[in-house]
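Working notes, structure below.
The values are calculated or read from the model by the stated rules, or taken from the named source; none is laboratory data. On a predicted model such as this, the values are computed, not experimentally measured, just so you know. Here the Cβ positions follow ideal geometry from the backbone for every residue, glycine too, while neighbour counts run over all protein chains shown. Heads up: the accessible areas ignore ligands, DNA and RNA and are worked out on the full protein's heavy atoms, side chains in. Shrake-Rupley method; radii C 1.70, N 1.55, O 1.52, S 1.80 Å.
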Amino acid sequence: MTIAVLPEMPAAAGELSVWPASTRPLPHGGLAVGGVPLTEIAERFGTPVYVLDEGEVRGRCRTYRDAFPDADVLYAAKAFLSRAMVRWVEEEGLGLGVCSAGELELAVTTGFPPERIVLHGNAKSLHDLEAALRLGVGRIVIDSPSEIARIAAAVGPGGRQKVMVRVVPGVSAGGHDKIRTGREDQKFGLSLTDGGAQHAVTRILGQPRLELTGLHCHIGSQISEVKPYLVALRRMIGLMARIRDTHGVVLPELDMGGGHGIAYQPGEPALDLTAFARRMRTELVDGCAAAGLPVPRLAVEPGRAVVGPAGVALYRVLAVKHTGENVFVAVDGGMSDNPRPALYGVRYAPRLVGRHSPAAPRTATVVGRHCEAGDILASDVQLPGDIHPGDLLAVPVAGAYLLSMASGYNLVGRPAVVAVHEGTARLLVRRETLEDHRRRDIGV
Ligand code: LLP
């Protein structure tokens, strides 16, 4: 079905700075994304619903490709994955980072070339490894010593699997403690400082069924500064030089992970991709020259920065409660489709759409429908004073780590995903229904 685009209104540019580039204000408080009015999406597909702007995702993939012409750009599937997303990423020439047999199978069965896929994970099950080997995944990133023998055994005699080693470079960066993965006191990777990484490299090089193609690190997520990446890069080059000195082996690849920060609200800092790409390239070339190493093929693994700003969550207001000084605006979703405010204290900027309100704004807390007081989607936000049940709220920057982290809490059911592109809306993932729950629940 094609929905006609309504005439455009002058854009309130600053306010919409974190929205997809295709976002256009419409008369009477409306908003269109990808040429489709959000009110029409809510009416046609119901709420809560996640809207994904295909053009924004593709545009972001292209921006990465342009910024890194001589590097591999691997989209981190954990941020959001669906078959359409797999296709867009494939068509735009990116690779894919996955961390389970589930993500891997979805990608490969959608036609993604397995050799362009990297498998991560601090604890890979036998099922994950078997799927990776059966489907012919490009690289497996080894994250703990015990994996070396397990992967070699699973490869079997005569086989050979390309692997990398995940290194902890000892760098602390990231938007929240729970997503800082470059320092020693967390579960991922093998340490540079205690010799764990070097020891793993020695064992892998002695294992004929494994081909060590390079080193990997991922220092954290939602990082808006270039500097921590440069520090990590220098340390990784240092380790590559030590491996060359000890083993006479020059590793051809270096994967610096993802974590590129984005703004969730107007005015928040984001990683400057152009500066990041330029400074990483310079650091890599200079560092390798100083160490007497050939420049390895660089890889980066953005997830959030590819899909986050392309998504908008739409909720219907179910209840408005004035309690003392507080105004609670309760919507038909909540922590089951967006656990991020509760987990990381992320602040979203919801906005009323589809109605122009003459009322002055007032401070409100947008809460979900789940059975706990911590089910808050956005606290201390400015919403029109006359907000009432039936109103539609839209939350921008909802494309990454919302649906992929959605739960079955309270059997509310996970929302649908709708793609918008050039004035057309289409369903990508249908809403989870009671029938889905019933079908899985097979005991009596
Ligand atoms: N590569 C590896 C090995 C990763 O573990 C991750 C994310 C990425 C790449 C992509 O990072 P990104 O560019 O998306 O920041 N649930 C958290 C984020 C967890 C990130 C986990 N690893 C959140 O909602 O903020």
Residue, farthest from the ligand (Cβ to nearest atom), within region 161-184, restricted to residues that are in a strand (DSSP E or B) and open to solvent by 10 Å² or more (accessible area, probe 1.4 Å): Q161
Restricting the search to region 188-212, which residues are open to solvent by less than 10 Å² (accessible area, probe 1.4 Å) and within 16 Å of the ligand (Cβ to nearest atom)? A197
May I ask you to verify whether E40 is of a type in the set (D, E) and outside the structural domain of V137 (by TED's automatic domain parsing)? yes
Of all the residues that make up region 308-324, how many are open to solvent by less than 10 Å² (accessible area, probe 1.4 Å) and at positive phi? 0
Could you list all residues from region 365-399 that are on the phi < 0 side of the Ramachandran plot, under 27 Å from the mean Cα position of the chain (by Cα) and of a type in the set (D, E)? E372, D375
Mind checking which residues of region 63-89 are within 18 Å of V418 (Cβ to Cβ) and β-branched (V, I, T)? V86
Do you know which residues across region 337-347 are buried (at least 17 other Cβ atoms within 10 Å of the Cβ), within 12 Å of the ligand (Cβ to nearest atom) and either in a loop (DSSP other than H, G, I, E, B) or at positive phi (or both)? N338, P339, V346
Looking for whichever is open to solvent by less than 20 Å² (accessible area, probe 1.4 Å) and more than 16 Å from the ligand (Cβ to nearest atom) here; the options are E54, E40. Which one fits? E54
Can you run down the residue pairs with Cβ atoms below 9 Å, 6 or more apart or on separate chains, where the first is in region 317-331 and under 14 Å from L392 (Cβ atoms) and the partner is hydroxyl-bearing (S, T, Y) and in a strand (DSSP E or B)? V329/T365; V331/Y315
Look at P208 and say whether it is farther than 23 Å from V300 by Cβ and in the same structural domain as G248 (by TED's automatic domain parsing). yes
Taking region 392-414 as the region of interest, how many residues are closer than 25 Å to E15 by Cβ, open to solvent by 10 Å² or more (accessible area, probe 1.4 Å) and more than 16 Å from the ligand (Cβ to nearest atom)? 0
Any idea which of (1) within 16 Å of the ligand (Cβ to nearest atom); (2) in contact with a helix residue (DSSP H, G or I) (Cβ under 9 Å, 6 or more places away or on another chain); (3) polar (S, T, N, Q) is the one N122 doesn't satisfy? (2)
List the strands (runs of 3 or more DSSP E) inside region 363-426, counting only whole elements, that have at least 3 residues being without any contact (Cβ under 8 Å) to a residue 12 or more places away in the chain and assigned by TED's automatic domain parsing to the domain that holds L31. none
For region 281-299, how many residues are surrounded by fewer than 17 Cβ atoms within 10 Å (Cβ to Cβ) and either touching a Gly at 6+ places or on another chain (Cβ under 6 Å) or not basic (K, R) (or both)? 9
Scan region 197-206 and tell me whether some residue there is in contact (Cβ under 8 Å) with a residue 40 or more places away in the chain and either touching an Asp or Glu at 6+ places or on another chain (Cβ under 7 Å) or in a loop (DSSP other than H, G, I, E, B) (or both). no
Could you tell me whether region 231-242 includes any residue that is free of Cβ contacts under 8 Å to residues at least 60 places away in the same chain, of a type in the set (K, R), in contact with a Lys or Arg (Cβ under 8 Å, 6 or more places away or on another chain) and over 30 Å from P309 (Cβ atoms)? no
Just one of the numbered conditions (1) of a type outside the set (D, E, K, R); (2) open to solvent by less than 40 Å² (accessible area, probe 1.4 Å); (3) farther than 28 Å from A152 by Cβ is not true of Q265; which one? (2)
Can you find a residue in region 422-442 that is open to solvent by less than 60 Å² (accessible area, probe 1.4 Å), within 16 Å of the ligand (Cβ to nearest atom) and either on the phi > 0 side of the Ramachandran plot or of a type in the set (S, T, Y) (or both)? no
